[in-house]
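What follows is calculated from the coordinates using simple rules that are stated; it is not laboratory data. Just so we're clear, the structure is a prediction, and the values are computed from it rather than from any experiment. Neighbour counts are summed over all protein chains in view; Cβ atoms, including those assigned to glycine, are modelled from backbone coordinates with ideal geometry.
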């Protein structure tokens with residue numbers, strides 16, 4: 001597994017080793033020992049999630065204040081623009097974000113540690129996104145950071161004049177200045 005650094009050192013892009021031949025390909029998506037050896041992070045994942053969305057659906061920016069989740073994210077169909085925002089007040093990158101493309105074609109994964117808000121925009125006709133989480137989903141702890149907060153200035157790759165398709169909770173997210181955060 002190859003580890004690729006991002007502008008926020010705690011957020012990582014991971015490239016699994018892919019074995020291909022005339023039949024297709026094989027890859028080991030997750031192996032705890034390999035992940036720990038490559039990243040120095042030994043964690044327990046407790047939940048797997050799978051979403052399917054159409055072009056211009058924007059999910060996020062979500063986080064859980066009481067039960068923060070680390071996420072290992074990848075795309076099995078289509079492509080997305082994936083974003084992580086650091087909400088750890090003690091971090092030198094608090095309030096900063098990093099974004100990158102993830103696609104079924106690239107087979108890259110993203111490690112987003114606990115303490116980050118996470119979201120993505122579907123950039124293909126549809127996408128299926130899978131992710132492993134380090135803590136259970138707890139709706140009472142879920143919070144949403146406003147996807148288009150001007151203080152963040154995330155340049156979501158939407159065509160001119162196109163509005164994202166949003167859930168009501170994402171439309172009503174909090175701006176960074178008033179959002180609950182981590183210490």
**Item:** Members of the stretch 1-30 that are closer than 15 Å to residue 132 by Cα and either touching a helix residue (DSSP H, G or I) at 6+ places or on another chain (Cβ under 9 Å) or assigned to a strand (DSSP E or B) (or both)
**Value:** 12, 13, 14, 28
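Being under 12 Å from the mean Cα position of the chain (by Cα) and closer than 19 Å to residue 29 by Cα is the requirement here; does residue 121 meet it?
Working: under 12 Å from the mean Cα position of the chain (by Cα): yes; closer than 19 Å to residue 29 by Cα: no.
No, not satisfied.
Where residues in the stretch 31-45 are assigned to a loop (DSSP other than H, G, I, E, B) and in contact (Cβ under 8 Å) with a residue 60 or more places away in the chain, which of them is nearest to residue 132 (Cα to Cα)? Even if it seems obvious, please write down each step before you answer.
Step one: filter the stretch 31-45 for residues assigned to a loop (DSSP other than H, G, I, E, B), giving 31, 40-45.
Add one more test, that the residue is in contact (Cβ under 8 Å) with a residue 60 or more places away in the chain, and what stays is 41, 43-45.
Details: 41: 14, 43: 11, 44: 10, 45: 6 Å.
Ranking the candidates gives 45 first.
Of the residues that sit in the stretch 160-174 and are assigned to a loop (DSSP other than H, G, I, E, B) and touching a strand residue (DSSP E or B) at 6+ places or on another chain (Cβ under 8 Å), which one is surrounded by the most Cβ atoms within 10 Å (Cβ to Cβ)?
173
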